[in-house]
Structure formats: structure tokens, C-alpha cells
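The values are calculated or read from the model by the stated rules, or taken from the named source; none is laboratory data. Owing to the predicted nature of the structure, the values given are computational and were not obtained by experimental measurement. Reconstructed Cβ throughout: ideal geometry from the backbone, glycine too, with neighbour counts over all protein chains shown.
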Ligand code: ASP
């Protein structure tokens, strides 16, 4: 019996058409997408399809939409062997990260893919991405278990752990990288899986978490950043946590006013997290004097997590309203392979 895969179309370039009046790209509906890829009939996988009522550009994705996708997967979990989420590439790394936390006990593949050119254009990268993503979602090992029992991104011949990906290019077909974790598979003449990089098969049952706390912000440090700027951002009403994207191995200015602005936020119970703005490598708080104050203030180091994964994890963990100490501990422990213990 052939494997079954559910396609979940959320929007993105993969299914966009140029608006005849303005030329700007807008999402088309699922029926058109299937018309564009007659090859789907020949992949040897039983396909189901569903779509957001209003497909969206991924720049419009909100945390509530992550939950919407997780819920669709939860509702249809027992009907299919795997899931392919068609999604815009712009915020795909955020959605993939969030799904990896929301889908606890996942034992089936959830593969996100999209494309840089719409599926109807002649040089499109969409067909290969879509067809191989389906193949990965349907792949089983010798014991008939899912080959990739985790949330992954497939793009341009590479399968990557979703919560390790970053979008690194606005135009190249090779738009994603996984700087701190090896590829889960490479597609050439054969699809070659690196089993040592893939999460081990966990035992279910699936638990879909449906709550995220979106009262989270990101402040990117830059040379010349002022205490006033930081104080304004940290003064946003209702804020629960802020990710500081820092220099190098987790460093920032030593200016006492800047540190004072952070201290006042900490005194108001706002969690601060330290994520490097480097594409690869990890935060090592306290290694330089320029991160000493972060240690003293109880800023939570995010190891080698991407900004995308750290943001989604923060929103996910805060939804359970943990005590401050428990939150810091849970941030430091891997949930779905999103960080490497140092
Ligand atoms: N703006 C598009 C989106 O993220 C780009 C893409 O699909 O690659 O929805």
C-alpha cells in the first residue's frame, strides 16, 4: 500500500500569480497549484490536500497561524503518514521552529517547503522542491517507521532540521542554511539521508500545543545603540520577554546607561535572552567583559539557537506561564533538537 501525505497550502511564492493590473505577486488557490504540477499523479504517494481559506504571504504569518497549522496536522494526524506544508520562504524558519515545539511527541514527518519562483514560471524551483518534499514525507525506514520523524525544511536539494534553519538569500534558489546542524538529507541522483543527524524515533502520542505568548520582542544591538532607544522598546506595555541579538559570542556595549535600561526591565520582570546575530556559532556569556553584565542581570544565554528558534521557543514556553527559574532552565534544555549542549 502506498504511503499517504497531506499537502497543507498556506500561501507563499510557490503558489503565487502576478496581478494582471499591478504585476505584484499574490497567492492563488490550491486548485491552480495542483493543475500546475501534473507530475503529482505519478509520485506514487496517495495525496490529500487542504489550504488556508485565504492563502497568505508568509510575511503576514502570525503566531496564531502557527497554531492553525499545528491544529490541521493534529486533526488529520491518523489519516496520513506525513505532511508537507507549502509556505512562503520569508518566515518559513520561524514557522518550522514553532511547529517543532507545538507538535510534542511527533513521530511523522512534517516537511515545509516553498520556492523562490512561482510554480507556473518556466525556470521554477517549485516543482523539484514540492516533489522531493513529498518523497521525504512518505519515506519509511526498514521497519516501516518514518525516515524523518521531525519538522524539517526542504529547499534546493537539501533537507534541514526546521528549527536550525535560517533564510540567508533573498534571490538564490539555495535560500536556506542550517549553520549549526548538518543537513538531514541531500538530494542528488539519490536521496541520501544522514541518519546520525535525524532525531531518533520518539514514541507518541502526539500532543498539539495550542497556546503561544506573543508578547515578545527582539532588539538587535548595533554600534551606537542608545539607552534611550532600548528603554523605549523595553517600555512597551505588556512585554513578557525580549531577545537581544548580540555581537559575536554574545557581547554588547558596556555603557552604564545601556546596562541600566536592561536592569530596569529585569526589575519589572521582563525576561531578557541573549542570541548571537552571527549566522553560526554560539553564545558564551561571560567570556568577554562585554557580556559580563548580561550574566549579572540574569540574561538567559541561548547557546547556538537561531533567532527564529529562540523566538518561537520563548513564545511557546511562556504560554505555560512558568516561574522565572523554570523558564531559564527550559530555554537551556533542548526540546526538539534546536540547540547543542555546550
Ligand atoms: N514573500 C514570499 C513569502 O514568504 C516569498 C516566498 O514565498 O519565498 O510568502
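So the values come out like this:
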item: Condition met for residue 272 (part of a helix (DSSP H, G or I), crowded, with 16+ Cβ neighbours inside 10 Å and modelled with pLDDT of 95 or more); result: no
item: Checking residue 120 against (1) within 15 Å of the ligand (Cβ to nearest atom); (2) surrounded by fewer than 22 Cβ atoms within 10 Å (Cβ to Cβ); (3) under 17 Å from the mean Cα position of the chain (by Cα); (4) touching a residue at least 24 places away in the same chain (Cβ under 8 Å), the condition it does not meet; result: (3)
item: Residue in the stretch 15-23 that is part of a helix (DSSP H, G or I) and either within 16 Å of the ligand (Cβ to nearest atom) or buried (at least 18 other Cβ atoms within 10 Å of the Cβ) (or both) present; result: yes
item: All helices (runs of 4 or more DSSP H) inside the stretch 282-342 with 1 or more residues being more than 24 Å from residue 261 (Cα to Cα) and in contact with a helix residue (DSSP H, G or I) (Cβ under 9 Å, 6 or more places away or on another chain); result: 307-318, 324-332
item: Selected residue (criterion: surrounded by the most Cβ atoms within 10 Å (Cβ to Cβ)) from residues of the stretch 214-233 that are in contact with a helix residue (DSSP H, G or I) (Cβ under 6 Å, 6 or more places away or on another chain) and farther than 19 Å from residue 285 by Cβ; result: 216
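To keep it simple, each residue is scored yes or no on (1) within 13 Å of the ligand (Cβ to nearest atom); (2) in contact with a helix residue (DSSP H, G or I) (Cβ under 7 Å, 6 or more places away or on another chain); (3) assigned to a helix (DSSP H, G or I); (4) without any contact (Cβ under 8 Å) to a residue 12 or more places away in the chain.
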position: 34; (1), (2), (3), (4): no, yes, yes, no
position: 39; (1), (2), (3), (4): no, yes, yes, no
position: 56; (1), (2), (3), (4): yes, no, no, no
position: 65; (1), (2), (3), (4): yes, no, yes, no
position: 71; (1), (2), (3), (4): no, no, yes, no
position: 74; (1), (2), (3), (4): no, no, yes, no
position: 93; (1), (2), (3), (4): yes, yes, yes, no
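Residue-by-condition table, conditions (1) free of Cβ contacts under 8 Å to residues at least 24 places away in the same chain; (2) out of contact with any strand residue (DSSP E or B) (no Cβ under 8 Å at 6 or more places or on another chain):
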site	(1), (2)
232	yes, yes
242	no, no
246	no, no
249	no, no
255	no, yes
272	no, no
